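Report on one structure; see the data block that follows.
The values are calculated or read from the model by the stated rules, or taken from the named source; none is laboratory data. Computed from a predicted model, the values in this text were never measured in an experiment. Quick reminder, even Gly has a Cβ in these numbers, built from the backbone with ideal geometry, and neighbours come from all protein chains shown. Note: areas computed on protein heavy atoms with side chains; ligands, DNA, RNA excluded. Shrake-Rupley method; radii C 1.70, N 1.55, O 1.52, S 1.80 Å.
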Amino acid sequence: MRDGVFVTGGTGFLGSYAIARILQDTELPVFAMVRARDRAHALERLWEALQLNLPDEDAFWALQPRLHPIPGDLHAPRLGLSDADHQRVMSEVDSVLHVAASLNRKSPRSCFNTNLRGSLSVLKLASALAAAGRLQRFTNVSTAAVAGKRQQQIVEEDRSIEWDRSDYDPYARTKKFVEHMSTELLDDALVLTLRPSSVLGDSRHDACWITDMVRAFCVLADLPAVPLDPDVRQDLVAGDWVGAGIARLHLEPELPHHTFHLSMGANAPTGRSLAAALAADGERLRFVRTLADPFHVLMRALDRLPRSKAQQIGAVMKVFWPYMTNDVVFDNQRASAILGPPPRFEDVCPGMVRYARSVKRRNVRVPLERRR
Ligand SMILES: NC(=O)c1ccc[n+]([C@@H]2O[C@H](COP(=O)([O-])OP(=O)(O)OC[C@H]3O[C@@H](n4cnc5c(N)ncnc54)[C@H](OP(=O)(O)O)[C@@H]3O)[C@@H](O)[C@H]2O)c1
């Protein structure tokens, strides 16, 4: 990869980590497609997303010569790119890093529109680059959830997709089909598939992106009794390792495989090991596994309430419940051999919980000050 990288999803959690790494570790230009009114608005949105990964606003401006915000939308024809931006992408880009998605597991419509219809438009752009002889790589950030409903397994990359297996939700189902579309529509050799497991926290500092998964983790940690089996493994992996992994693998010229799990794998923590890590902060987690079924019923009932704080907790817990109870982890030997092993999540979670509580489980962002 010697030319620009076209990136979708740069205003999100993992896309922003990946963009920051590409800009900081290489000299490559990044063309970041952002839902925005115009270029200035796109730049503001990128700053809001990237600031966790940059020391200050000056560092953001210093990256400007190579960070090109492009207003666009996965739902729009030709991604909503202007003629000028489209032309620029076609002549200055030689790889596509597709990170954007709808993670709205409750909405088949949103997953269909964004993950299927939107990804098809990104693939059409990548195909046009391939037809012009420019495309070096198309990286699809997928999800370990494409492995579908399972119990007590370590899933390997090549045994993940099984078309007869049921999926957890529309999100997993549509992401699975995007993997299929990518290799059907592009030369297999150009396609790289990266499948993160459940990503949360940051091993470099307490401050982290507050995702629904972080909220779910904190809700459980705050309960007087955690309704889970403490010996079930939880494939939780830090955002900075995954973000750096996406950037590095996307740019690595020769790779031994076309699919990688970005996950904790066999070293995934259990509830028990996480509780031990949190105990250093004075947290006392008590597990009562017999409460699992009643808790699940309660969360489903909360999710049916009119929109409220309780309903939101129910919705989040309901979505993540299968991931917390099924004891399924995703083998990470391929990625670890190249990136080094991920940081122990037991070392990440105390800072993450402290930080999430300090910001009341909301993302705190500093607006862009200086106009150029
Ligand atoms: N986070 C995890 O634990 C996890 C685990 C496994 C896999 N993944 C995968 O990693 C990728 C990134 O996830 P994330 O956690 O970073 O999600 P996120 O924070 O919700 O970010 C999603 C990104 O997609 C963009 N997007 C959504 N709809 C769009 C549209 N119509 N047009 C243009 N952009 C659109 C969002 O833009 P706006 O800012 O405009 O909404 C945002 O930049 C996804 O493909 C997801 O499946 C994530």
**Report entry** Condition check for residue 51: of a type in the set (S, T, N, Q) and farther than 26 Å from residue 198 by Cα
**Finding:** no
Query raised in the report: residue 65: open to solvent by 40 Å² or more (accessible area, probe 1.4 Å) and within 15 Å of the ligand (Cβ to nearest atom), yes or no?
Result: no
Query raised in the report: For region 1-92, which fully contained helices (runs of 4 or more DSSP H) count at least 2 residues that are among the acidic types (Asp, Glu)?
Result: 39-50, 57-63, 83-92
**Report entry** Residues being of a type in the set (A, V, I, L, M) and buried (at least 20 other Cβ atoms within 10 Å of the Cβ) - total across region 326-344
**Finding:** 3
Requested in this report: Only one of these is within 16 Å of the ligand (Cβ to nearest atom) and either in a loop (DSSP other than H, G, I, E, B) or open to solvent by 30 Å² or more (accessible area, probe 1.4 Å) (or both): 201, 133, 118. Name it.
Outcome: 201
Query raised in the report: Would you say residue 52 is open to solvent by 10 Å² or more (accessible area, probe 1.4 Å) and either within 27 Å of residue 201 (Cα to Cα) or within 16 Å of the ligand (Cβ to nearest atom) (or both)?
Result: yes
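Results for (1) crowded, with 18+ Cβ neighbours inside 10 Å; (2) of a type in the set (A, V, I, L, M), shown as yes or no for each residue.
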| position | (1), (2) |
| --- | --- |
| 14 | yes, yes |
| 24 | no, no |
| 27 | no, no |
| 31 | yes, no |
| 37 | no, no |
| 48 | no, no |
| 71 | yes, no |
| 93 | yes, yes |
Report task. Considering each of 275, 310, 292, 301 in turn, give the residue that is part of a helix (DSSP H, G or I), over 24 Å from the mean Cα position of the chain (by Cα), buried (at least 20 other Cβ atoms within 10 Å of the Cβ) and aliphatic (A, V, I, L, M). Result -> 275
Query raised in the report: From the set of residues in region 94-108 that are more than 12 Å from the ligand (Cβ to nearest atom) and of a type in the set (D, E, K, R), which is farthest from residue 144 (Cα to Cα)?
Result: 94
